[in-house]
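Q: Input: one structure, supplied below.
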Amino acid sequence: MKNQFRYLGVMVGENMARHKAWSDVILKLKSRLSKWKTKFLSIGGRVTLLKSVLGASLLYYMSIFKAPKGVLKEMESIRNNFFIGAVSSDKKITWVAWNKVLASKEKGGLGVSSYYALNRALLLKWVWRFVSQDGSLWAHII
């Protein structure tokens, strides 16, 4: 589509099922992380950043579009590298497995939400609203 435009920070008319369409979102995630890479943060500080800043920054996109698995994998890889303190070009020792970071606190993890689970939950929220609010105007229009 040639008539693409940006509305509320989202490209309208872009095919969001393609990896290329998510490049701005991935760059935004990388730029937010680059501001914190120079700081010496403890593991607790990194977990706090993963939960608050990095979790909330993509909520709008995740609640509207189903992200391709390749995009979700790349974003999880970026967050994993940030957590272990690695720059994309170097390798560091991983002290905590990423699955343990993503596990809930009840299961002995650190309670960071997975982008895959978050994306699916936010999209299913729309399905639930559609089913439960059948009298609303937007449900009639759709």
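The values are calculated or read from the model by the stated rules, or taken from the named source; none is laboratory data. What you see is a predicted model; the values in this text were computed from it and never measured. Cβ sites come from the backbone with ideal geometry, for glycine too, and all protein chains shown count toward neighbours.
Q: Considering every residue within region 46-53, establish whether at least one is under 12 Å from the mean Cα position of the chain (by Cα) and free of Cβ contacts under 8 Å to residues at least 12 places away in the same chain.
A: yes
Q: What tally of residues in region 58-77 results from selecting those that are at pLDDT below 90, in contact with a helix residue (DSSP H, G or I) (Cβ under 6 Å, 6 or more places away or on another chain) and surrounded by 15 or more Cβ atoms within 10 Å (Cβ to Cβ)?
A: 2
Q: Looking at (1) surrounded by fewer than 12 Cβ atoms within 10 Å (Cβ to Cβ); (2) free of Cβ contacts under 8 Å to residues at least 40 places away in the same chain; (3) assigned to a loop (DSSP other than H, G, I, E, B); (4) among the hydrophobic types (A, V, I, L, M, F, W, C), which is the one condition that is false for A86?
A: (1)
Q: When you scan region 109-125, how many residues do you find that are touching a residue at least 60 places away in the same chain (Cβ under 8 Å) and surrounded by 12 or more Cβ atoms within 10 Å (Cβ to Cβ)? Please lay out each step first, then the result.
A: Initial filter on region 109-125 (touching a residue at least 60 places away in the same chain (Cβ under 8 Å)): 110-113, 118, 122-123, 125.
Now drop any that are not surrounded by 12 or more Cβ atoms within 10 Å (Cβ to Cβ), which leaves 110-113, 118, 122-123.
Result for region 109-125: 7.
Q: Every residue in region 85-142 that is polar (S, T, N, Q) and under 19 Å from the mean Cα position of the chain (by Cα), please. Working first, answer last.
A: Within region 85-142, the first condition is being polar (S, T, N, Q), and the residues that meet it are 88-89, 94, 99, 104, 113-114, 119, 132-133, 136.
Across region 85-142, the qualifying residues are S88, N99, S104, S113, S114, N119.
Q: Shifting gears a bit: So which of N15, N3 ends up being within 23 Å of L124 (Cβ to Cβ) and polar (S, T, N, Q)? Give the derivation first.
A: Working: N3 fails: within 23 Å of L124 (Cβ to Cβ).
Being within 23 Å of L124 (Cβ to Cβ) and polar (S, T, N, Q) holds for just one of N15, N3, which is N15.
Q: Have a look at L33, L59 and point out the one that is among the hydrophobic types (A, V, I, L, M, F, W, C) and closer than 28 Å to V127 by Cβ. Steps first, answer last, please.
A: On the way: L33 fails: closer than 28 Å to V127 by Cβ.
Of L33, L59, the one residue that is among the hydrophobic types (A, V, I, L, M, F, W, C) and closer than 28 Å to V127 by Cβ is L59.
Q: Filter region 16-57 for residues that are part of a loop (DSSP other than H, G, I, E, B) and surrounded by 11 or more Cβ atoms within 10 Å (Cβ to Cβ) and give the result.
A: Start the filter on region 16-57 by keeping residues that are part of a loop (DSSP other than H, G, I, E, B), which leaves 16-18, 38-42, 52, 57.
Across region 16-57, the qualifying residues are M16, A17, R18, L41, S57.
Q: Still on this structure: For region 126-142: of the residues being part of a helix (DSSP H, G or I) and in contact with a helix residue (DSSP H, G or I) (Cβ under 7 Å, 6 or more places away or on another chain), which is farthest from L59 (Cα to Cα)? Working first, answer last.
A: If we filter region 126-142 for residues that are part of a helix (DSSP H, G or I), which is where we start, we get 126-132, 137-141.
Next, from what is left, pick out any that are in contact with a helix residue (DSSP H, G or I) (Cβ under 7 Å, 6 or more places away or on another chain): 130, 139.
Numbers: F130: 20, A139: 22 Å.
Of everything passing the filter in region 126-142, A139 is farthest from L59 (Cα to Cα).
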